[in-house]
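The values are calculated or read from the model by the stated rules, or taken from the named source; none is laboratory data. Bear in mind the structure is a predicted one, so any value in this text is a computation, not a measurement. Cβ sites come from the backbone with ideal geometry, for glycine too, and all protein chains shown count toward neighbours.
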Amino acid sequence: MTPRAFVWATLTTFFALLAAVLSLNVAIDPFALAGTHLVPSAAENDRAIKLTLIDRLQRSPELLILGSSRARKAEPAYIEGLTGRSGFNAAVTGGTAADAWVMTNYLSRRFPSKYRAYLWFLASDPRATPYLAGRPRFSIADVGTYLGTDASRESLRVLRACQQHGCKPRRLIRYRPDGSLVPRSIRNLPEQARSLRRDVQREVAGIRANPPHERPFDPRRYVYFERTLAFMNRHDATPVIVLNPVHPEVLAELRKYGYPGRKPSLEYLHELHAQFDFVVVDAEDIRTWHGVATDFSNVNHVNLRNMRRLLSYVIAHSHGALG
């Protein structure tokens, strides 16, 4: 075989493998981006559920919880016990700033002229997709997501579940009227890892195999974040922004590579203080708020015990914005 033929054969094989990975992940659709519906996805469509619960509220909550699945274990009743403020958990799977914009405005239209506080858990999750009417369900931006290791890992998890239990929709996850999880539903959440130890080891191995690098700043990513902050400030609220916890072993591994995503994020938030009024509580290092390394559901999600520890710390360091 000539060198040119070898190169072409190698490239053909490489792109064939990429196409196979993409085809598999689009077919399985683990993050519910493509809308294939061939098997149950790894993501829950809880946005409609939360909007329906808002419709059913009899009175306006005094505190709105926003964020992704990482925030759904935040219990409004627990926060009320600490602050005296009633609340509603509007966090949704893969939640983005666009979701926060939708939930904030929807609740404001439901209960106009009512003051409320905001507790917003931030996550930088490449799987997150804006919840906006008219947005294409699958775009060129989603191709990169479905070529990544996270999507492939979730696809394999979905396939294993189908093999073991049949391709049936997952057991129902139920919510209380205040948007919090019914306790018995927690064990049905997809982030409940069978082995936290193995989950952490896989994540650390993934970081070593694909070291993180700084991404170029794209102002379009932050349009809804800034729009939502402006809306909250116009309604005399000082939102509390929480930087989500990172498992300590994963955090230590990220720091070996300079944790390239952290510095630009902090600089961006610092610059925003010139335009908006908000409080930032950095909870990425669990030692800050006395979190426990074993109290994670998986590498990215704290369990209920850690969430309560985190909420107590956040409220104590909210400079009065949460009561």
**Asked** If you check every pair at least six apart or on different chains, which have Cβ atoms under 9 Å apart with a residue in the stretch 1-27 that is on the phi < 0 side of the Ramachandran plot first and a residue that is exposed (fewer than 10 other Cβ atoms within 10 Å of the Cβ) second?
**Response** Ala9/Met1
**Every pair of residues 6+ apart whose Cβ atoms lie under 9 Å, when the first sits in the stretch 72-101 and is without any contact (Cβ under 8 Å) to a residue 24 or more places away in the chain while the second is outside any loop (DSSP other than H, G, I, E, B)** = Glu80/Leu63; Glu80/Gly87
**Request:** Take the residues in the stretch 245-304 that are under 30 Å from Ala230 (Cβ atoms) and of a type in the set (S, T, N, Q), then tell me which one is surrounded by the most Cβ atoms within 10 Å (Cβ to Cβ).
**Result:** Asn300
**Fill in**
Looking across the stretch 59-99 at residues that are among the β-branched types (Val, Ile, Thr) and modelled with pLDDT of 95 or more, the single one that is farthest from His301 (Cα to Cα) is Thr83
